[in-house]
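Bear in mind that the values in this text are calculations on the coordinates, not laboratory data. These numbers come from a predicted model, not from an experiment. When we count neighbours, we look across all protein chains shown, and the Cβ atoms used for this are built from the backbone with ideal geometry, even at glycine.
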């Protein structure tokens, strides 16, 4: 089949990574000549202004806002609109939207594809595999955003299409900056998932290095207090939210990631695309797809600050290798990612 009319289902335009990527793919699919429509439960959220003007946006007549069981109500309301929209294919842009699939399947013969952006089931939950299979029985194909997720899904979904399709990473070119050899960068929300306090412990062990932290969140005060307690005022700079990370990446000698878990840390791809190596916790399957050579960086299973400090010094001692790092980021180039999705869409049956 040829998926000329692609329908993306979104709860709203919440400023999340799933929504940002969906809007970027919509723009690139439109640029490739496909007709893209976004069916949304609500126009709320700061990303509404980021929708490409060529992409049609259709809100539900009666908005469905996020809340308890809202996705079940959203699914029923969206199913009622499918006949008028006549999509060739429906794209559900992440795990959060999986509960829409079965109601949509009852209303259309078009293929329904689900992007898996995080592990499909939590570890240790009884009957989790069975629940996931039941929840997604209306899905025609699954797009895992890294090979680790694909390997996890395939035994759960025997006989059903599961492929790896990378999320695009969007970067703006900036002039090259002079490297100092001791400058680290940390990017993320100041939240427990990202564990910014581990970054401070690492800096206490990594004497002689400097760290810039970008981001805001509920742990801001704890981070400020940690900087004071560990006497890091001269070596750690807390920048808060910034409009663009590219100028900071241009100056960085290495990127530090301390997350407890991630679906796919795009910031690691962004760093390599700028020629910056990565030292990270083992927080995502994607890192093992990405960091495949010594000059790209190090992924540590341990969260020991001393081991991190040693890994950072090891990476900073390597000769500059920006081109070798940039090659590893090439599969995440937006047009290449968009084309890979379209080629897969065209191969599917309902």
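When peptides 332-338, 143-149 are ranked by their average number of other Cβ atoms within 10 Å per residue, the highest-first order is 143-149, 332-338. Residues of the stretch 313-350 with backbone nitrogen within less than 16 Å of a virtual label 7 Å along the Cα-to-Cβ line of residue 32, please, listed as ranges. Under 16 Å, as judged by backbone N against the label point of residue 32, lie 331-349 of the stretch 313-350.
How long is the gain from residue 160 to residue 1 if the chain were fully straight, where each residue apart is worth 0.36 nm and the alpha carbon distance is subtracted?
Residue separation times 0.36 nm, minus the Cα-Cα distance, leaves 55.5 nm.
Across the stretch 251-350, the convex hull enclosing all Cα atoms gives 107 Å³ per residue. Here, P(r) means the percent of Cα pairs in each 5 Å bin from 0 to the largest distance; for the stretch 1-83 it is 3, 15, 27, 24, 19, 9, 3, 0. Against the chain, whose longest principal axis is taken from its Cα atoms, helix 196-205 shows a tilt of about 20°.
Which option, (1) 28, 48, 23, 2; (2) 24, 46, 23, 7, 1; (3) 29, 54, 17, 0, is the value of P(r) over Cα pairs in 20 Å bins from 0, in percent that was calculated from these coordinates? Among (1) 28, 48, 23, 2; (2) 24, 46, 23, 7, 1; (3) 29, 54, 17, 0, the one calculated here is (3).
Rounded to the nearest 10 degrees, the angle from helix 70-79 to the longest Cα principal axis of the chain is 40 degrees. Peptide packing for 279-289, 64-74 was compared via the average number of neighbouring C-beta atoms within 10 Å per residue; ordered from the highest value, the list is 279-289, 64-74. Compactness check for the stretch 183-331: Cα Rg over 2.2 N^0.38 Å is 0.95. For the pair the stretch 152-224 / the stretch 331-350, the C-alpha centres are spaced 27 Å from each other.
Each of 58, 267, 121 was scored by other Cβ atoms within 10 Å of its Cβ. Listed from fewest to most, they are 58, 121, 267.
Rounded to the nearest 10 degrees, the inclination of helix 334-347 to the longest alpha-carbon principal axis of the chain is 30 degrees.
When the alpha carbon coordinates of the stretch 28-160 are projected onto the principal axes, the ranges are 42, 35, 31 Å, largest first.
Computed on the chain, with alpha-carbon pairs under 8 angstrom and 6+ residues apart, the relative contact order is 16 percent.
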